[in-house]
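What follows is calculated from the coordinates using simple rules that are stated; it is not laboratory data. Note that the coordinates shown come from a computational prediction; the quantities given were computed from them, not determined experimentally. Virtual Cβ from ideal backbone geometry, glycine too; neighbours counted across all protein chains shown.
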Amino acid sequence: MGHRISHLKESIRHKAIELGAYRSGFALAQKVSGEAAALYRRWIDAGCHGEMAYCAKYLDERDDPRLLLDGARTVISCAFPYAARHPGPIASYAYGEDYHYWVKDRLKRLGQWVEENYGGSTRACVDTAPIRERYWAQQAGIGFVGVNNQLIIPGAGSRFFLGELLWTGAVDPDEPCTLTCGGCQACVRACPGSALDGFGGCDARRCVSYLTIEHRGPLPAGANLGGMLYGCDSCLDACPHCGQASRAISEEAISEISELLEVSKKADNSDIAHMTSSHYRKLVAHSAMRRVPLAQLLRNAEWINSQTESDTQ
């Protein structure tokens, strides 16, 4: 029986890799630890989620993935790679196809294959579902959470999209990853908004990714966008775990959107300033950037330009 279960796990793992995952692992579907649940609630109570009201919803489901799929017994966590950022003010992950759809499609295909070959029911989850992705990736042995609050895969870094496949089938779980990043604090020093507390906590209200993507309306006085129009890679770029290893797997990454890349190379944001709404919608139609309207991107560009002018005076 043990040999059969081991073969089953490796077959599923192999299929996940075939579908584009760099690494996958298995965890027992159960409530998250009391410590993890309490930490998340303290983060919410402190208001560190800012305007992301969805973070404070479905707390029971975030604590227990079994509430997302009746009878779930296994969490299959998968990490899909993306390429390191080219020079420009747009975060690396946004150059590829919108990961919400790309990753979910791969997970659904994996789920269909699992059901056809091993029975049971599955549910594919990306970060649009209330599930603790980094927690489950760590429980499944894929990696550990660093001081920058990102999942770090040993020898490969953090440039990965995470997704989970809930399954009603049962297998022996993998051993959780118990490593730590080493705490060099390079990410803390590199964060433009000083959003990282140095102990693994992050105040989203100071995070450039949050400010450029999630925050609506005028930017808060004194906000430092670090020259970024959309998202931020500063803590990843500074992390010694995200060096050559991440670049070595970039050939497996989701394909880039070339025109978006060309626009992002214009440091003065001139193309964006003269862009029409229809052109912008076409440009980002297949990117995660479509969540941000052109008016907000222009807001970010104007803020960066005003900071630049202030610095040169």
- Query: Out of residues 5 or more away from Gly50 or on other chains, whose amide H comes under 5 Å of its own, with H placed 1.01 Å from N in the peptide plane?
  - Reply: Arg205
- Mind listing the phi-derived Karplus ³J(HN,Hα) values for segment 20-29, rounded to whole Hz, using 6.51, -1.76 and 1.60 with θ = phi - 60°, and x for any glycine or proline? x, 6, 7, 8, 9, x, 10, 9, 6, 6
- Item | Kirkwood estimate for segment 64-117, i.e. one over the average of 1/r between Cα atoms, Å | 13.7 Å
- Message: At a threshold of 8 angstrom on Cα-Cα distance, excluding pairs fewer than six apart, so keeping six or more, what relative contact order does segment 1-255 reach in percent?
- Response: 25 percent
- Note on the structure: Between the Cα axis of helix 34-45 and the main Cα principal axis of the chain, the angle (0 to 90°, nearest 10) is 30 degrees
- Query: Quick one: which of Lys15/Lys57; Lys31/Lys57; Lys15/Lys282; Lys57/Lys282 span more than 24 angstrom between C-alpha atoms?
  - Reply: Lys15/Lys57; Lys15/Lys282; Lys57/Lys282
- Note on the structure: GNM on the chain, Cα springs under 10 Å; top mean-square fluctuation among Arg62, Arg205, Arg42 goes to Arg42
- Query: So how tilted is helix 294-312 from the main axis of the chain? Cα-based, degrees 0 to 90, rounded to 10.
  - Reply: 60 degrees
- For the chain, list the cysteines whose Cβ sits under 4.7 Å from no other cysteine Cβ? Cys48, Cys55, Cys78, Cys125, Cys177, Cys181, Cys184, Cys191, Cys202, Cys207, Cys232
- Item | Value of D in µm² per second that Stokes-Einstein yields for segment 123-170, Kirkwood Rh from Cα pairs, at 4 °C (1.567 mPa s) | 113 µm²/s
- On alpha-carbon atoms, Rg over Rh for segment 85-236 using Kirkwood Rh? 1.01
- Message: Checking a compactness column here: for the chain, what do you get for Rg(Cα) / (2.2 N^0.38 Å), N being the number of residues?
- Response: 1.02
- Note on the structure: Taking a ≥ b ≥ c as the square roots of the Cα gyration tensor eigenvalues, with a/c under 1.5 meaning rounded and otherwise prolate when a/b beats b/c or oblate if not, segment 6-90 comes out oblate
- Note on the structure: Applied in sequence order to segment 137-143, the curve 6.51 cos²θ - 1.76 cosθ + 1.60 (Karplus, θ = phi - 60°) yields integer Hz couplings, x standing for Gly and Pro, of 5, 5, 4, 7, x, 6, x
- Note on the structure: Scalar couplings 3J(HN,Hα) for segment 7-13 by Karplus 6.51 cos²θ - 1.76 cosθ + 1.60 (θ = phi - 60°), nearest whole Hz, x for Gly and Pro, are 5, 4, 4, 5, 5, 5, 4
